[in-house]
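See structure below.
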């Protein structure tokens, strides 16, 4: 018996394929967009949701895009983002429009959690254990002051427990339900269609036979 993939398996395969295409597209655009001698990183071409997914699941895929971050708290309570000359548990991706998204590898959560400025950058969930490892639900957004060199924080990021769903997972469940329904309707309509075609062919064959009989009589 042939085992066909389930809707969930097909959806996950399609999702993985789309992620791969987006990453490949970004790599292909690196040479044309990043033709600047002072830039040592690639510009992130895909959306924020994919970045969040990859930083939580496969951060190695982002190596070409992540830049060590150096943060400075201003006298007015703002936060300035610049490239760090040293390694840092906080990293950012520069976007095509000049904005920057700040994030971190959740495997380094305990390191970033010890940083005094961390709570100024990310909103924690209302209820969580102090020992919980928190993952990024939404990166912190920074707007450029000097494009490619200095940014100021525009929006805090959001954290959730590591076990929480990635935003699109809930959407995927709804899509799976819709996919199942579409498949059922497709097979139902296909069955009706093939039945009607078979009946029409039978009618046409009967008419052809009757026409042939009339032609023989007329001769």
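Readers should treat all values here as calculations from the given coordinates under stated rules, not as data from a laboratory. Remember, predicted model here, so these are calculated numbers, not experimental data. All Cβ positions, glycine included, derive from the backbone under ideal geometry; neighbour counts span all protein chains shown.
Taken along the Cα-to-beta-carbon direction at a fixed 7 Å, the label points for residue 73 and residue 61 span 3.6 nm. By the count of neighbouring beta-carbon atoms within 10 Å, fewest first, 93, 120, 103 end up ordered 120, 93, 103. The length gained by stretching the chain between residue 162 and residue 110 to full extension, at 0.36 nm per residue less their Cα-Cα distance, is 17.4 nm.
With a simple spin-label model that places each label point 7 Å from the Cα along the Cα-to-Cβ direction, the separation between residue 212 and residue 193 comes to 3.0 nm. Simple spin-label estimate for residue 143 and residue 155 gives 1.2 nm between the two label positions (7 Å along the Cα-to-Cβ direction from each Cα).
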